[in-house]
1. Restricting the first residue to the range A:42-66 and requiring it to be closer than 16 Å to residue B:20 by Cβ, which pairs with a second residue that is in a loop (DSSP other than H, G, I, E, B) and open to solvent by less than 60 Å² (accessible area, probe 1.4 Å) meet a Cβ separation below 6 Å and a spacing of at least six or different chains?
2. Inside the range B:58-75, can you point out the residues that are more than 8 Å from DNA strand D (Cβ to nearest atom) and farther than 14 Å from residue B:99 by Cα?
3. Can you find, within the range A:52-100, the residue that is surrounded by the fewest Cβ atoms within 10 Å (Cβ to Cβ) among those that are away from DNA strand C (no atom under 12 Å from the Cβ) and β-branched (Val, Ile, Thr)?
4. Could you say whether any residue in the range A:74-88 is in a helix (DSSP H, G or I) and more than 14 Å from chain B (Cβ to nearest Cβ)?
5. Only residues that are within 11 Å of chain B (Cβ to nearest Cβ) and open to solvent by 30 Å² or more (accessible area, probe 1.4 Å): list them for the range A:26-51, please.
Number of protein chains: 2
Amino acid sequence: MSPEANFLIDHAYTTSRINKKVDASLSYHGISFTEFLIMHHLFNSPLQTMRRIELAECVGITASGVTRLLAPMEKIRIVEKESNPRDARQSLVKLTQAGEQLYKDALVSFEHCSKDVLANLSVKQIDNMANLFGKI
Amino acid sequence: MSPEANFLIDHAYTTSRINKKVDASLSYHGISFTEFLIMHHLFNSPLQTMRRIELAECVGITASGVTRLLAPMEKIRIVEKESNPRDARQSLVKLTQAGEQLYKDALVSFEHCSKDVLANLSVKQIDNMANLFGKI
DNA sequence: GACGAAAGCTTGACTACTCAAATATTTATG
DNA sequence: CATAAATATTTGAGTAGTCAAGCTTTCGTC
């Protein structure tokens, strides 16, 4: 078996362990990793608003996945809809004040979890991996 | 945001893209990545049989996930049940002849896909990443 | 400036899981 | 050796998505 194939198999295993740790860490705030990613991209987008299709691309799910994910988040007022006067097809998404605070709180846990997950690697090694991953 | 947190976020994105490519490549054989992983671990286990709980650990899902995943695979005779005379609780899983052939065929696609996914990386870089991933 | 094609989003039906509880069997202990 | 605890698996109910089809709005072209 080639090193490429072996890597993908090992990678799948490691990824599943990482995701479990991250989900466990964020569950304290009542959110999943995917919901955290949504909030992360909203928070860091220039106008704090994004189209649903952009969010889908960013977090690696489909547009309908975004619709279903956002529905409960709107209900508890973490995010809200905003319409684009220039294009009535679009339904822009925005973090509410509460959503912004929740993101900041969750980020603290996420930072802790990240450092825990990657505790055996130096910053140089992480940068190196990040660089290699960027090529994929 | 720390390099660790940034890495996990980028990693999630890249992983989703990798999984999509792998699933697309294996769909030609009518199987998912998870099913491929099951067959892979069965094929490479010393006696070609494993307990469901071992499979669950290997592929990073729960025992009940394994039950549900294997049900259709048994139905189309890719895998079969075998009982352990020493322990009646166990229900061992084994690749059938057809399952073994399917695995070998799927492996060819998986190898192609792996090389394609990692085309921009040298073998040395892949080994390096595999090594770093092993520390996680 | 009408109209077919494309973009953005949602919905219905489905898949691939998860978790908690139930069942069956084995192991350990008093 | 009886019985409590632990192990292996399955099942019921729920969650997190997917895909294909549909609706509405915009764009491109003639």
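The values are calculated or read from the model by the stated rules, or taken from the named source; none is laboratory data. Keep in mind that what you see is a predicted model, and the values were worked out from it rather than measured. Please note: Cβ atoms are built from the backbone with ideal geometry, for glycine as well, and neighbour counts cover all protein chains shown. All accessible areas refer to the heavy atoms of the entire protein, side chains included, with ligands and DNA or RNA removed. Shrake-Rupley method; radii C 1.70, N 1.55, O 1.52, S 1.80 Å.
1. From the range A:42-66, no pairs qualify.
2. Across the range B:58-75, the qualifying residues are B:58, B:59, B:60, B:61, B:65, B:69.
3. Here the residue is A:76.
4. Looking through the range A:74-88, at least one residue is in a helix (DSSP H, G or I) and more than 14 Å from chain B (Cβ to nearest Cβ).
5. The answer is A:34, A:41, A:43, A:44.
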